[in-house]
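The values are calculated or read from the model by the stated rules, or taken from the named source; none is laboratory data. Note that the coordinates shown come from a computational prediction; the quantities given were computed from them, not determined experimentally. Cβ placement follows ideal geometry from the backbone for every residue including glycine, while neighbour counts extend to all protein chains displayed.
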Amino acid sequence: MNKPDQDPGYATLAELAAYWRMPSKRAARELARALGLRRVRGKFPWFAIWQAEWLAPPPKKRWDELKHPHLTTTDLAELLGESERSARRRDFAKPDAGFPDPVPIRKKPKLWRASQINAWCAGLPVPIYRVKSRSAQVTATETPEVLSQTNFNGFDPYAQKRFAAKPNGKMTASTANGKTDEHP
């Protein structure tokens, strides 16, 4: 079991719906499923949530600020004192290069991290969170064929079933680990 200082904890479905500003728990569950998040004992790990938002594992000092609910365009317009339309267009025509980018988990409604917007409004340096490297990211649009071509050195519990369905049905140590003996 992880110690409290090694793990940021878990979010319930209600907390996840509030965090992503979803209209219902069902909508949050569907988005979590689309992003590939899995529940652990009925809750979602914060590290997995942040990974689905394309973030690298953040340091401990950033955990609390990353758990704040995201801001919608309505919230952003209220904070900035402008119309919702202007707030929606903030990421297209940035009058200030320091204005934070929206969270890339969905297109509509756009979401921004509360800590970044609050710092920008206060004139403080905007906190920058490391983004996962593009080579390590796997999107939902990639096909299983593309994923099977990547080098996988871990344990695959479904390897026996997947390779048993092949015509030759041969199983070797390398195919059990996700590597195939076939050469193009």
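From the list Lys67, Lys60, the one residue that fits, being among the basic types (Lys, Arg), within 16 Å of Met22 (Cα to Cα) and within 22 Å of the chain's Cα centre (by Cα), is Lys67.
With the checklist (1) basic (Lys, Arg); (2) buried (at least 16 other Cβ atoms within 10 Å of the Cβ); (3) closer than 25 Å to Trp120 by Cβ in hand, flag the one item Arg29 doesn't pass. Arg29 satisfies every listed condition except (3). Within region 95-117, residues that are over 20 Å from Ala34 (Cα atoms) have Cβ atoms under 6 Å from residues that are assigned to a loop (DSSP other than H, G, I, E, B) and among the aliphatic types (A, V, I, L, M) in these pairs: Gly98/Val126; Pro100/Val126; Gln116/Val126, counting only partners at least 6 apart in sequence or on another chain. Restrict the check to region 36-50 and report whether at least one residue is more than 18 Å from Pro102 (Cα to Cα), touching a helix residue (DSSP H, G or I) at 6+ places or on another chain (Cβ under 6 Å) and at pLDDT 90 or above. There is at least one residue in region 36-50 that is more than 18 Å from Pro102 (Cα to Cα), touching a helix residue (DSSP H, G or I) at 6+ places or on another chain (Cβ under 6 Å) and at pLDDT 90 or above. Residues that are part of a helix (DSSP H, G or I), farther than 19 Å from Arg130 by Cα and free of Cβ contacts under 8 Å to residues at least 60 places away in the same chain do not occur anywhere in region 46-60. Within the span defined as region 81-103, one or more residues are among the small types (Gly, Ala, Ser), assigned to a helix (DSSP H, G or I) and closer than 20 Å to Ala122 by Cα.
Is one or more of the residues making up region 79-90 touching an Asp or Glu at 6+ places or on another chain (Cβ under 7 Å), crowded, with 19+ Cβ neighbours inside 10 Å and within 24 Å of Pro23 (Cβ to Cβ)? No, that holds for no residue.
Output the residues belonging to region 116-144 that are among the charged types (D, E, K, R) and modelled with pLDDT of 50 or more. Give the derivation first.
Of the residues in region 116-144, the ones among the charged types (D, E, K, R) are 130, 132, 134, 142.
Within region 116-144, Arg130, Lys132, Arg134 meet the criteria.
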